[in-house]
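For reference, the structure discussed in these notes is given below.
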Amino acid sequence: MALKFLSLGSGSSGNSYFLGTESYGVLFDAGLPCSQIKDGLNSHHIGLEQIMGLFVTHDHADHIKAVGALSSKYNIPVYATQPVLDGINSSFFVREKLDATSRRPIEKNTPIQIKDFSITAFNVPHDASDCVGYLVEYEQQKWVLATDVGLIDDEVGKHLKMANHLVIEANYDAEMLFSGNYPDVLKERITNGKGHLCNSDTANFLAANFSSHLRNIWLCHLSGENNRAELAYCTVREALDFRSINIENVNLVTLERAAPSKMYVLE
């Protein structure tokens, strides 16, 4: 069966992603209203009864607001590291807490098998109680999610290089951030190596480590105040062009912050 990817929303107002086949799938993060996630899936004829698990990257509000509601209403198990599970239940933004039967603690670098998916969490630098990215292996394909990345260290870089299909943060443009109205303390938090990735850091990594096995690049978690979709796209494209990298066979897309993407069929 073909592998399919759908972004339901990707930004500071809420994040959630679907990866699946014709018959089942999983969600990554649930920071959008439960009804919005349900409607986004239903528009592609995907019911929440087909969701085999919800995997959480970290416990910031824009990634977890609907975790408890989805889990309790639709009996979806929630997979996350123990610090993230604890953070979800202590969060002011999560009204419906996770009960013991829905919590599935995971360890980094230890694969979890969900039907034909092998899902592995890896460490990501970010200022949450804990933060991970995810590698999903399905048949001969590797899909990687790395959102809210303070910096691309060796651990993150190792997993990014494995991807055939890569969802990677391009949160801000440095010039827009530093010339903007954010207070200095927030600018420091974003850029201190435990905040977010700027367009140029993402672009330079992709250009320096581009591989012929890469088929899709989705730029995610763009800032509404300090970035623009066309700017993120052009920054990455120019870095690749500078190294004379031909991306004729690569799909490069900036994901919408507050709207679903199209459904991508991955090959």
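Are any residues in region 210-259 in contact with a helix residue (DSSP H, G or I) (Cβ under 9 Å, 6 or more places away or on another chain) and polar (S, T, N, Q), and if so, which ones?
Scanning region 210-259 gives Ser223, Asn226, Asn227, Thr235, Asn246, Thr254.
Could you say which residue among Val94, Val136, Val67, Val84 is buried (at least 20 other Cβ atoms within 10 Å of the Cβ) and over 21 Å from Ser13 (Cα atoms)?
Val136
Suppose we filter region 21-36 for residues that are in contact (Cβ under 8 Å) with a residue 12 or more places away in the chain and either more than 16 Å from Val56 (Cα to Cα) or of a type in the set (S, T, N, Q) (or both); how many remain?
5
Restricting to helices (runs of 4 or more DSSP H) lying wholly in region 32-95: which have 1 or more residues that are charged (D, E, K, R) and over 29 Å from Asn123 (Cβ atoms)?
Per the criteria, 34-42, 67-74.
Taking region 131-160, which residues are under 15 Å from the mean Cα position of the chain (by Cα), within 13 Å of Lys108 (Cα to Cα) and either assigned to a loop (DSSP other than H, G, I, E, B) or among the acidic types (Asp, Glu) (or both)?
Across region 131-160, the qualifying residue is only Cys131.
Please work out which residue is nearest to Gly14 (Cα to Cα), limiting yourself to region 229-266 and to residues that are among the β-branched types (Val, Ile, Thr) and part of a loop (DSSP other than H, G, I, E, B).
Going through the qualifying residues, I end up with Val250.
Tell me which residues, restricted to region 1-31, are assigned to a strand (DSSP E or B) and closer than 12 Å to Ala66 by Cβ.
Scanning region 1-31 gives Leu8, Gly9, Gly14, Asn15, Ser16, Leu27.
Kindly indicate the residue of region 139-151 that is touching a helix residue (DSSP H, G or I) at 6+ places or on another chain (Cβ under 8 Å) and surrounded by fewer than 24 Cβ atoms within 10 Å (Cβ to Cβ) and also nearest to Phe28 (Cα to Cα) among those meeting that condition.
Val144
Among the numbered conditions (1) touching a helix residue (DSSP H, G or I) at 6+ places or on another chain (Cβ under 8 Å); (2) closer than 23 Å to Ser10 by Cα; (3) of a type outside the set (Phe, Trp, Tyr), tell me where Arg103 comes up short.
(2)
If only one of Ala100, Ala128 is in contact (Cβ under 8 Å) with a residue 60 or more places away in the chain and either part of a strand (DSSP E or B) or at negative phi (or both), which one is it?
Matching residue, one of Ala100, Ala128: Ala128.
Is it the case, given these coordinates, that Phe210 is among the aromatic types (Phe, Trp, Tyr), out of contact with any Gly (no Cβ under 7 Å at 6 or more places or on another chain), surrounded by fewer than 22 Cβ atoms within 10 Å (Cβ to Cβ) and under 25 Å from Asp127 (Cβ atoms)?
no
Might you let me know whether region 21-41 holds any residue that is touching an Asp or Glu at 6+ places or on another chain (Cβ under 8 Å) and crowded, with 22+ Cβ neighbours inside 10 Å?
The answer is yes, given that some residue of region 21-41 is touching an Asp or Glu at 6+ places or on another chain (Cβ under 8 Å) and crowded, with 22+ Cβ neighbours inside 10 Å.
For the condition of a type in the set (Phe, Trp, Tyr) and under 22 Å from Ala146 (Cβ atoms), what is the one hit in Phe92, Phe55?
Phe55
Among the numbered conditions (1) under 25 Å from Phe18 (Cα atoms); (2) more than 15 Å from the chain's Cα centre (by Cα); (3) surrounded by fewer than 19 Cβ atoms within 10 Å (Cβ to Cβ), tell me where Lys194 comes up short.
It is condition (1) that Lys194 fails.
Take region 118-133 and flag every residue that is under 25 Å from Ala2 (Cα atoms) and either of a type in the set (Val, Ile, Thr) or crowded, with 23+ Cβ neighbours inside 10 Å (or both).
Listed by number, the residues that qualify are Ile119, Thr120, Ala121, Gly133.
Answer with yes or no whether Asn109 is in contact with a Lys or Arg (Cβ under 6 Å, 6 or more places away or on another chain) and within 22 Å of Pro83 (Cβ to Cβ).
For Asn109, the condition - in contact with a Lys or Arg (Cβ under 6 Å, 6 or more places away or on another chain) and within 22 Å of Pro83 (Cβ to Cβ) - is not met.
Specify which of the listed residues (Ala258, Ala229, Ala239) is surrounded by fewer than 16 Cβ atoms within 10 Å (Cβ to Cβ), without any contact (Cβ under 8 Å) to a residue 60 or more places away in the chain and among the small types (Gly, Ala, Ser).
None of the other options fit; the residue is Ala229.
Any read-out appearing in this document is the output of simple, stated calculations on the displayed coordinates, not a laboratory observation. As the structure is a prediction and not an experimental result, all values here were calculated from the model. Counting neighbours? That spans all protein chains shown, and the Cβs are built from the backbone with ideal geometry, glycine included.
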